[in-house]
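The values are calculated or read from the model by the stated rules, or taken from the named source; none is laboratory data. Note that the structure is a prediction, hence the values are computed from the model and not measured. Quick reminder, even Gly has a Cβ in these numbers, built from the backbone with ideal geometry, and neighbours come from all protein chains shown.
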Amino acid sequence: MIKQLPPIPSLQAQVSPQEWQQRVDLAAAYRLVAMFGWDDLVFTHISARVPGEGDQFLINPYGLFFEEITASSLVKVDHHGRALQDTPFAINPAGFIIHSTVHEARPDMGCVMHTHTPHGIAVSAQAEGLLPLSQQSGFVLGSLAYHDYEGVALRDAERPRLAADLGTARFMILRNHGLLTCGRSVAEAFQQMYTLEAACRIQLLAQAGGSALTRVPQTIIATMPEQAREGSKGLGANLVWPGLLRRLDRSLPGYDS
């Protein structure tokens with residue numbers, strides 16, 4: 001017998017239009033993570049700041065698979081991970097330690113994404129980390145930070161070290177753990193994760209070939225942020241986000257309910 005989720009009433013009429021749009025975008029990001037195969041059962045998270053509410057955030061209900069998440073099922077929490085709405089779901093404390101730390105340290109960022117993909121973890125375990133082997137890595141290396149593994153992120157004592165290691169970067173490799181990106185919008189954080197994940201996958205494929213590897217010179221890496229702006233016509237993640245939503249509408253509709 002297939003077990004169904006209980007009905008989740010729509011929250012659209014109960015929140016501001018700005019919060020609802022953020023909920024729709026965040027639910028879409030969760031489903032895109034599932035569609036790209038980056039999910040890890042019910043673990044890892046994407047969180048987004050509630051527009052206009054500096055210390056309120058949206059995060060996934062613990063126990064739902066990413067392809068099941070909807071705009072209304074997302075849970076609004078405060079900076080301590082306490083639910084600010086009635087919900088039958090719990091919050092993963094390990095996930096929120098990481099996310100609340102980044103949101104507090106980086107008020108300029110609206111969304112934080114964290115994954116446990118095999119390619120990302122494999123590169124995170126390599127002593128040299130991400131290497132300048134591809135165009136994708138070039139887009140990342142100018143804003144990449146590292147944080148050493150301290151076990152499952154359950155302790156507040158790790159927070160200052162995580163924040164200090166991130167600094168002003170938008171990409172982070174969590175050693176022996178996974179990947180993290182932060183962006184001004186959900187769309188930006190997602191595209192940055194796409195690029196970081198692709199760079200890790202390409203690196204492992206190149207290393208598996210067994211031949212000597214050619215590294216991109218640092219003089220070129222330094223110019224990649226400007227090249228990225230030129231290549232997207234100044235639109236950044238907004239160039240591809242509408243198309244990603246259309247793909248979701250064809251494959252995994254219902255995220256906007």
Answer yes or no as to whether residue 74 is touching a Pro at 6+ places or on another chain (Cβ under 8 Å) and closer than 15 Å to residue 180 by Cα.
-> no
Among the residues of region 22-53, count how many are among the hydroxyl-bearing types (Ser, Thr, Tyr) and either more than 12 Å from the chain's Cα centre (by Cα) or not in a helix (DSSP H, G or I) (or both).
-> 2
State all residues of region 62-78 that are touching an Asp or Glu at 6+ places or on another chain (Cβ under 9 Å), surrounded by 15 or more Cβ atoms within 10 Å (Cβ to Cβ) and of a type outside the set (Val, Ile, Thr); if no residue qualifies, say none.
-> 66, 67, 71, 76
Can you name the residue in region 143-163 that is under 16 Å from residue 179 (Cα atoms) and small (Gly, Ala, Ser) and is also modelled with the lowest pLDDT among such residues?
-> 153
Would a scan of region 1-22 turn up a residue that is surrounded by 14 or more Cβ atoms within 10 Å (Cβ to Cβ) and of a type in the set (Lys, Arg)?
-> no
When you look at residue 131, is it more than 30 Å from residue 15 (Cβ to Cβ), touching a Ser or Thr at 6+ places or on another chain (Cβ under 8 Å), touching a residue at least 40 places away in the same chain (Cβ under 8 Å) and assigned to a loop (DSSP other than H, G, I, E, B), yes or no?
-> yes
What residue, of 46, 91, is within 18 Å of residue 179 (Cβ to Cβ) and either touching a Gly at 6+ places or on another chain (Cβ under 8 Å) or touching a residue at least 40 places away in the same chain (Cβ under 8 Å) (or both)?
-> 46
Which of the residues spanning region 79-125 are of a type in the set (Val, Ile, Thr), part of a loop (DSSP other than H, G, I, E, B) and surrounded by 20 or more Cβ atoms within 10 Å (Cβ to Cβ)?
-> 117
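If I filter region 193-214 down to residues being touching a residue at least 60 places away in the same chain (Cβ under 8 Å) and more than 27 Å from the chain's Cα centre (by Cα), which single residue comes out as surrounded by the fewest Cβ atoms within 10 Å (Cβ to Cβ)?
The extreme case among them is 214.
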Looking only at region 28-45, count how many residues are of a type in the set (Val, Ile, Thr) and modelled with pLDDT of 95 or more.
-> 1
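Look through 236, 243, 254, 183 and report the one residue that is farther than 23 Å from residue 114 by Cβ, under 22 Å from the mean Cα position of the chain (by Cα) and touching a residue at least 12 places away in the same chain (Cβ under 8 Å).
The match here is 254.
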Answer yes if at least one residue in region 223-231 is out of contact with any Pro (no Cβ under 7 Å at 6 or more places or on another chain), under 22 Å from residue 19 (Cβ atoms) and without any contact (Cβ under 8 Å) to a residue 24 or more places away in the chain, and no otherwise.
-> no
